Amino acid sequence: METCLGESVVCLTGGPGTGKSYVIGKVVEKWGRDVCVCAPTGKAVGLLKEKLDVEVGTLHHLLGIRNGQEMLFGGKELDYGMVIVDECSMIDVGMWGALLRNIKSGTRVILVGDDDQLPPVEAGTVFGELCRFLKEKGKGYVHLDECMRSDRAEILEKAAAVRMGEKIEYG
């Protein structure tokens, strides 16, 4: 939590059920002022709205983007003290450009997602590269690895083992 509140740019990563949404909620609660939470899809926004008491919207809506031309050259400035973007691994290069171009100077940015997820359908692995950069820098990178959803812990542990190339027993 200290990293999320103390750094200007943070990548908050972790697999499913590790508490990313919980941390976002606590950060919003602590920050307590001009914060915006967004995500690339309506489904992700819906899940966040269930958990958070703050403005949540899709990236397209918040940036005022309705077509590709606006994504390349337009968008509206996000005038917030903190912008939290969830499901960042799903964002393609074009949307990253629009997002970063429209965050005002001095805004704290928390980028949230699973850096082990498949890259977006469109071009780009911006989130993964940002995570690697901040991790190597030793600053602004937080990885949650403990499953907080006890009802799914076993399957998530096995999924993590498969991701690491380990053999798992079936049955």
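Each value in this text was obtained by applying a stated rule to the coordinates, not by laboratory testing. Note that the coordinates shown come from a computational prediction; the quantities given were computed from them, not determined experimentally. Backbone-built Cβ (ideal geometry, glycine too); neighbour counts: all protein chains shown.
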Would any residue of segment 27-43 have its amide N under 20 Å from a label point 7 Å out along Cα→Cβ of residue 66? List them or say none. 41-42
As a footprinting exposure proxy, order 157, 2 by other Cβ within 10 Å, with the fewest listed first. 2, 157
Residues meeting the amide H criterion for residue 9 (H placed from the backbone, H to H distance under 5 Å, 5 or more places apart or on another chain) are 109
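Which of 101, 33, 66 has the fewest other C-beta atoms within 10 Å, and how do the rest follow up to the most?
Working: 101 14, 33 8, 66 11.
The most exposed by this proxy come first: 33, 66, 101.
Using 0.36 nm times the number of residues separating residue 76 and residue 101, minus their current alpha carbon distance, what extension gain do you get? Present the calculation step by step, with values, prior to reporting the outcome.
On the way: separation 25, 0.36 × 25 = 9.00 nm, distance 0.92 nm.
Contour length minus Cα-Cα distance gives 8.1 nm.
On average, how much area does the Cα convex hull of segment 1-112 cover when viewed from any direction, in nm²? Write down the numbers at each step before the final one.
Numbers: hull surface 25.6 nm².
For the Cα atoms of segment 1-112, the hull's average projected area reads 6.4 nm².
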